[in-house]
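S.K.: One structure, as C-alpha cells, below. Some questions next.
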Amino acid sequence: MGEAIAAGLARYQSICPDWPAFRDAISRPQPVTLWAHPERLAPETLQRLLDDAGIASAPSPWDDILLRLAPDASPAHHWGYFAGLFQIQEESARLPVKLLDPRPGERVLDLCAAPGNKTAQMALAMENHGLVVANELQSGRLPAIRQLIRRLGLRNVLTIRGAGESLAANTGPFDRVLVDAPCSGEGTWRKYRIHQRDGGRVIDDVERNRLAQRQRRLLHHAVGLVRPGGRIVYATCTLAPEENEAVVDAVLGDWGEALTVESASQPALPSSPGVTEWQGRHFDPRLAGTCRVWPGDADVGGFYVAVLSRTGPARVGQAPGGESVGSAAWPDHPATRALQQRFAVNPRALQGLTTGPDGGRYLHYRIADQPWPSAPRVDAFGLAAIGLQVRPVKPTTGAALWLAPEMGRNVLELTRAGLDAYRQRRPIAPEHTEPRGGPVSRGFVVLTHQGYGVGVGRIGHGKMIESHYPKAWVTGSPGGRANPDAD
Ligand SMILES: C[S@@+](CC[C@H](N)C(=O)[O-])C[C@H]1O[C@@H](n2cnc3c(N)ncnc32)[C@H](O)[C@@H]1O
C-alpha cells in the first residue's frame with residue numbers, strides 16, 4: 001500500500017470496528033459483482049450462462065439478484081453484457097437504492113446520477129413504471145446514462161443537466177430523492193488505487209472542506225424537493241465523517257423537526273452505526289441510525305448511508321407504495337405500426353407507453369402520464385426505439401434487446417459462430433442462423449442468442465446477413481467511452 005494512503009487511512013483507526021481486518025481487506029483487490037436484469041432473466045440462469053463461459057460466480061447473501069465473481073473476472077467481455085442481461089456494480093453501492101426503496105408508479109429523483117448505476121437500479125426496482133429523474137452536473141457524463149437506458153431498456157428515466165443544489169422546485173415534489181454525493185471516494189480505493197505501486201492521492205483538509213460544503217448544499221436542497229412523508233437517502237463512497245455524519249448533522253439542524261432519521265442497516269450486510277463524535281465534534285445522537293460499511297466487515301468497498309424521512313402526512317389518497325401503475329396509453333405512431341407489422345410485436349409490451357418528444361433521429365418510447373415542466377430542459381426521456389431516418393422500419397439495438405422475446409416474426413437465432421460474426425460486424429452466414437418461430441423475409445431482422453435479444457441485422461439481396469452491431473461497441477465495450485448514442 002502506498003505510504004500516503006496508509007497515512008490517510010490511519011485517521012480512521014479510532015472509529016473502525018476491526019482495524020486489522022480493514023487493513024487486510026484494503027490491501028487485497030475486491031470481488032467483481034454484477035446483478036441480473038430483473039426483467040430479462042433469473043440470477044440462477046445468469047449464473048449458468050457465466051458458468052458456460054468459465055466465469056464462476058456465487059450469490060450474494062443479502063441481495064437476491066447480485067452475483068459475486070473473482071476479483072480478476074472480466075464479465076464486460078461476455079456476450080450477456082452487451083445484450084443487457086446484467087449490470088456490473090460494486091456490491092456496497094447497491095445499498096443506497098435498497099434503502100431508498102423506490103416503488104412502481106412513484107416520482108423519484110437521482111440528484112447526482114452519472115454514470116447511472118443507481119438510476120438503473122431504481123428504474124428497474126420500479127418495474128419501469130413511474131418516473132426516475134436523473135440529474136447530472138457534467139454534460140460529458142450524461143451519455144453514460146443514455147447508454148445504460150439503451151442497453152437495459154429503461155422507459156421511465158428522464159435525464160437533465162444541472163447543479164443539484166439549484167434544481168428548480170417546480171420539478172418536484174418527489175416521493176424519494178437519492179443524493180449520491182460527489183465525494184473524496186476513499187471507499188473505492190480498493191478498486192482503483194490501492195494496488196497501484198505509488199498509491200493514490202489523499203485529499204487535504206481544504207479540499208475535504210470544499211466537498212463537505214457542496215454535499216451539505218446538495219442534501220439541504222434535496223430535502224426541499226421531497227413531499228411530506230417522502231424519503232431522502234444520502235450516500236457517499238467515502239469513510240470521512242466530515243463528508244458523512246457532519247453533513248447530515250448540519251442538514252438535520254437546518255430542517256429541525258421536518259426530518260427524522262430512519263434505520264440504515266440492512267440484514268446480512270455487515271455495517272457499523274454512524275459515529276456521534278469525531279475529533280472533538282459531537283453530532284446529533286440520531287446519527288447512530290446511519291451506517292458505514294467497512295471493507296473488512298464485508299469483502300466490499302466502503303460506503304456511508306443515511307436514510308431521512310420528511311415528516312408530515314402523505315398526500316391524500318396516495319396508496320402506500322406509490323400511485324396506481326399501468327395506463328391505457330399506447331405509443332401510436334406510423335413507425336410503431338410499421339414495427340408491429342414487420343415484427344408482430346406483442347401489443348401488451350407497448351402498453352402504458354407514449355412517444356416523444358417529436359423530431360430527431362429516433363422515435364422514443366417513454367412511460368405515459370408523466371408531465372414535465374417546460375424548464376429545466378430535458379436531455380433525454382425514455383428509450384430511443386425506432387430509427388426515423390431509415391426505411392423500411394429499423395428498431396434500435398436497445399429496442400431489439402428489450403423487445404426480442406415479444407416479437408413473432410423476422411427474428412433470427414444466432415449460433416455461437418453467428419454471434420461472433422455479428423459482434424465483429426462481419427457478414428453472418430445463413431447456416432449460423434435459424435428462424436425463431438415465425439417467418440423471416442428481406443429487410444431488418446432482430447437477432448437473438450440463446451433466446452435473448454442481441455441486436456439488429458439486415459437481409460439484403462445476397463445470401464449473407466449484414467451485422468448492425470453498433471459501431472461504437474466494436475472498439476469500446478458497451479460500458480466504455482465509445483459514443484453510446486451511435487446505433
Ligand atoms: C458519486 S458520483 C454518482 C454515481 C452514480 N450515482 C452511480 O451510481 O452511478 C457523483 C456524481 O455527481 C456529479 N456532480 C458533482 N457535483 C454535482 C452537483 N453540484 N450537482 C449534480 N451532480 C453533481 C458528478 O459529476 C458525479 O457524476
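Read-outs: derived from the displayed coordinates by stated rules, not from any lab. If you're wondering where the values come from, they're calculated on a predicted model, not measured in any experiment. Every residue, glycine as well, gets a Cβ built from its backbone with ideal geometry; the counts of neighbours run over all protein chains shown.
S.K.: For segment 432-449, in order, what is each residue's ³J(HN,Hα) by Karplus, 6.51 cos²θ - 1.76 cosθ + 1.60 with θ = phi - 60°, in whole Hz (x at glycine and Pro)?
M.R.: Each residue of segment 432-449 in turn: 9, 9, 8, x, 9, x, x, x, 10, 10, 4, x, 6, 10, 9, 10, 10, 9 Hz.
S.K.: Here's a follow-up. How would you rank 243-252, 132-141, highest first, on the average number of other Cβ atoms within 10 Å across their residues?
M.R.: 243-252, 132-141
S.K.: Taking the Cβ of ILE160 as the centre, find all other residues whose Cβ is under 10 Å away and add up their charges (Lys, Arg: +1; Asp, Glu: -1).
M.R.: Cβ neighbours under 10 Å give a net charge of 0.
S.K.: Counting Lys and Arg as +1 and Asp and Glu as -1, what is the net charge of the other residues whose Cβ lies under 15 Å from the Cβ of PRO347?
M.R.: Here the charged neighbours net out to +2.
S.K.: As a test of the formula, what do you get for the chain when each DSSP H run with n ≥ 4 contributes -39,500 (n - 2.57) and the sum is divided by the residue count, at 222 nm and rounded to the nearest 500 deg cm²/dmol?
M.R.: So the helix-based figure for the chain works out to -7000 deg cm²/dmol.
S.K.: Compute the distribution of all C-alpha to C-alpha distances in the chain, in bins of 20 Å from 0, and list the percent of pairs in each, rounded to whole numbers.
M.R.: 23, 53, 22, 2
S.K.: So, counting K/R as plus one and D/E as minus one, what does the shell of residues with Cβ under 14 Å around PRO357 add up to?
M.R.: With Lys, Arg at +1 and Asp, Glu at -1, the net is +1.
S.K.: Could you derive backbone 3J(HN,Hα) for segment 102-114 from the dihedral phi with the Karplus parameters 6.51, -1.76 and 1.60 (θ = phi - 60°), listing whole Hz in sequence and x where the residue is Gly or Pro?
M.R.: Once rounded to whole Hz, the list reads x, 10, x, x, 7, 9, 10, 10, 10, 6, 10, 9, 6.
S.K.: Work out, step by step, the length gained on full extension between ALA329 and ALA168: first 0.36 nm times the residue separation, then minus their alpha carbon distance; give nm to one decimal.
M.R.: Length gained between ALA329 and ALA168: 55.1 nm.
S.K.: Residue by residue, what Karplus-based ³J(HN,Hα) values in Hz, rounded to whole numbers, does segment 234-249 have, using 6.51, -1.76 and 1.60 with θ = phi - 60° and x for Gly and Pro?
M.R.: 9, 9, 9, 9, 9, 9, 5, x, 4, 8, 10, 4, 5, 5, 5, 4
S.K.: Testing the spin-label approximation: label points 7 Å from Cα along Cα→Cβ at TRP19 and HIS220. State their distance in nm.
M.R.: Going by the 7 Å Cα→Cβ label model, 3.6 nm.
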